[in-house]
Amino acid sequence: MKPQVEIYDTTLRDGSQGEGINFSVADKLRIAEKLDAFGVHYIEGGWPGSNPKDIEFFAQAKKKKFKNARLAAFGSTRKKGVSVEHDDQVRLLIEAETPVVTIFGKTSMLHVKEVLRCTPEENLAMIADTVKFLKDHGKFVIYDCEHCFDGYKLDPEYAVATWQAAEKAGADFIVLCDTNGGCLPAEVAEITKVAVGKLNCKVGIHTHDDIGLGAANALAALDAGAIHVQGTINGYGERTGNCNLTSVIPCIALKLKKTCVPAKSLPKLKELSQFVDEIANSRHNPRQPWVGSSAFAHKGGAHVNAVQKLTSSYEHIDPAIVGNQRTVLISDLAGRSNIVIKAQELGFKLTNETPELKPILNRVKELEHEGYEFEAAEGSLALRIQEILGKRKLPFIVKSYRVSSEGGGGKSKCVAKVKVTVGKKESEQEAEGDGPVNALDTALRRALAKFFPHLNGVTLTDYKVRILDSKSKVVAKEALRAVKQRDDFILEPLMRDFNRAASEGTAAKTRVLIQSTDGKREWGTVGVSENIIEASLQALVDSMEYALLKK
Ligand SMILES: [Zn+2]
């Protein structure tokens, strides 16, 4: 069945114009395959006339079979003063051997006169000649109207003439482009309505996100009668980016309730978004709508309580529909519900009525005050909860450790020695490492391996260090805020804390967060100390203990 809205992906062409985005031919092929499997209708592979890498891409892509998508080559109308048959850039479009060719042309009189520097008639001829030439070569032709909205606002009659020139020459689609990304949804809707009224062929929309309205403008055009949206995965693109397809696709399906990509693809949206970020070597944006890791994260105690009773109370959709998931963040703000949900996730049978809940909550707040944070350290949190429930059995104890590091002339060597006791038995091991933490980790694991061979399969996957403000500084900041808000209730105990911290001369603390895996699951643990080695050891010990707990 034909979808009500077609998705045209230009991640590989317009998206690759984004700062820091650089795809190899192999990257492009992998992304194209993924997009095809997801079910977009067109994949714009590149501009063969602009770089040899794109010519190579089309040569390779020719050998692939795409199930859902049609491949498009992108280019421009012929040059002024050159016949279309003799225009190299147009020839390369034919040689790309794609079923679809998309070309852009000028809509705006300003650009015709000042940038192209030709007569208005010559521009119309350039559009018509190129579209007709491509149609004569059997191509499905999409005509992108550059500066469509700005051009229409400047000289509506001429803008319409350019669209009609493309239509008359046989274009299959006329796509209205907000090239500079500065239009408002109402303008886009109004001008799209005009285009739909004046044209017999189908109308599409291509927007940019310069004022944060790329997706909103695309939706406005769809409302006004467009049936084809161009955009990029994760909104990659020049300047602030293109219309973000990972926002627009779920909006079409779930908010406008129109068909676009296959319904079974929607739960793979987050995965697609992460995949493209990974290939682009770009950090996933946690605040990205729909697919970001924070898109369904709840922190405030009251919200968490409500979400627990009724998930729709603070969520606009069920996160699973787009392949995302609900997360509950543990923090100072959190009420008891966060802990209950987190504890249940960790396998504890805890409810809002469990009497131990209050001491657990108090302990978490106390530790957070000392600089711990448990949002990414569920392993450490589980051990603290166990401790308060009286269920923690220490499988081993670190009796002593020593770390030494020496170097010079650009070379360094780190050695760590760790002694552990397990029941009445003792074990001491030494190890060298790339750095002090690596040496410590290896020595600890060696010392424990003889009792717990399972730990040989546990590896460190990430290690993060954060220098925390000294306590007196933190308290001073909080006090300042309380003074500003005239909150005497908070101020008084803060001042007491402040005086104590100042008299102790508390030094800056280090928080170490480590991520571990046993090949099946990942977990985080945390350590805090004024000494970075001590903080690391705490996190390592928690990690090993948690690994044994989960075995
Ligand atoms: Zn663009």
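The values are calculated or read from the model by the stated rules, or taken from the named source; none is laboratory data. Fair warning: this is a prediction, and the values are worked out from it, not measured in the lab. Neighbour counts are summed over all protein chains in view; Cβ atoms, including those assigned to glycine, are modelled from backbone coordinates with ideal geometry. For the accessible areas, the whole protein counts, side chains as well, though only heavy atoms, and no ligand, DNA or RNA atoms are used. Shrake-Rupley method; radii C 1.70, N 1.55, O 1.52, S 1.80 Å.
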Scanning segment 45-54 residue by residue, those of a type outside the set (A, V, I, L, M, F, W, C) and either buried (at least 19 other Cβ atoms within 10 Å of the Cβ) or modelled with pLDDT of 95 or more (or both) turn out to be GLY45, GLY46, PRO48, GLY49, ASP54
Go through segment 19-44 residue by residue and tally those that are over 23 Å from PRO250 (Cα atoms), within 16 Å of the ligand (Cβ to nearest atom) and open to solvent by less than 50 Å² (accessible area, probe 1.4 Å).
-> 1
Search result, residues across segment 195-222 that are within 12 Å of the ligand (Cβ to nearest atom) and at positive phi = none
Test: GLY225 is more than 30 Å from LEU361 (Cα to Cα) and within 16 Å of the ligand (Cβ to nearest atom) = no
In segment 142-171, residues that are within 38 Å of the chain's Cα centre (by Cα) and either surrounded by fewer than 18 Cβ atoms within 10 Å (Cβ to Cβ) or over 30 Å from ALA186 (Cβ atoms) (or both) total 2
Sole exception among (1) more than 19 Å from ILE514 (Cβ to Cβ); (2) at pLDDT below 80; (3) open to solvent by 10 Å² or more (accessible area, probe 1.4 Å) for ASN338, by number = (3)
Scanning segment 159-192 for residues that are within 16 Å of the ligand (Cβ to nearest atom) and among the charged types (D, E, K, R) gives ASP178
Based on what the data block shows, is ILE55 more than 23 Å from LEU245 (Cα to Cα) and part of a helix (DSSP H, G or I)?
-> yes
Answer residue from segment 374-422, given it is in contact (Cβ under 8 Å) with a residue 40 or more places away in the chain, among the aliphatic types (A, V, I, L, M) and not in a strand (DSSP E or B) and is most open to solvent (accessible area, probe 1.4 Å) among those | LEU394
Test set (1) in a helix (DSSP H, G or I); (2) at pLDDT 80 or above - GLY524 fails condition number = (1)
Mind counting the residues in segment 165-196 that are part of a helix (DSSP H, G or I) and more than 18 Å from ILE127 (Cα to Cα)?
-> 11
Has segment 150-157 got any residue that is in contact with a helix residue (DSSP H, G or I) (Cβ under 9 Å, 6 or more places away or on another chain), away from the ligand (no atom under 13 Å from the Cβ) and on the phi > 0 side of the Ramachandran plot?
-> no
If you go through segment 275-291 one residue at a time, do you hit one that is buried (at least 17 other Cβ atoms within 10 Å of the Cβ) and either in contact with a His (Cβ under 6 Å, 6 or more places away or on another chain) or free of Cβ contacts under 8 Å to residues at least 12 places away in the same chain (or both)?
-> yes
Name the residues in segment 514-524 that are open to solvent by less than 30 Å² (accessible area, probe 1.4 Å) and either aliphatic (A, V, I, L, M) or closer than 17 Å to THR442 by Cβ (or both), would you?
-> ILE514, SER516, THR517
Report the residue count in segment 231-268 for those that are away from the ligand (no atom under 16 Å from the Cβ) and under 18 Å from ARG30 (Cβ atoms).
-> 3
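Yes/no per residue for (1) under 19 Å from GLY235 (Cα atoms); (2) in contact (Cβ under 8 Å) with a residue 24 or more places away in the chain; (3) touching a strand residue (DSSP E or B) at 6+ places or on another chain (Cβ under 7 Å):
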{"site": "GLU122", "(1), (2), (3)": "no, yes, no"}
{"site": "PHE133", "(1), (2), (3)": "no, yes, no"}
{"site": "ILE142", "(1), (2), (3)": "no, yes, yes"}
{"site": "CYS148", "(1), (2), (3)": "no, yes, yes"}
{"site": "ALA165", "(1), (2), (3)": "no, yes, no"}
{"site": "CYS177", "(1), (2), (3)": "yes, yes, yes"}
{"site": "LEU184", "(1), (2), (3)": "yes, yes, no"}
{"site": "ASN200", "(1), (2), (3)": "no, yes, no"}
{"site": "GLY204", "(1), (2), (3)": "yes, yes, yes"}
Filtered residues of segment 1-13 (kept if within 11 Å of the ligand (Cβ to nearest atom) and open to solvent by 10 Å² or more (accessible area, probe 1.4 Å)) = ARG13
Please go through segment 89-117 and pick out each residue that is in a helix (DSSP H, G or I), at pLDDT 95 or above and open to solvent by 10 Å² or more (accessible area, probe 1.4 Å).
-> GLN89, ARG91, LEU92, ILE94, GLU95
Checklist (1) charged (D, E, K, R); (2) over 29 Å from ASP144 (Cα atoms); (3) crowded, with 17+ Cβ neighbours inside 10 Å applied to GLU238, failing item | (2)
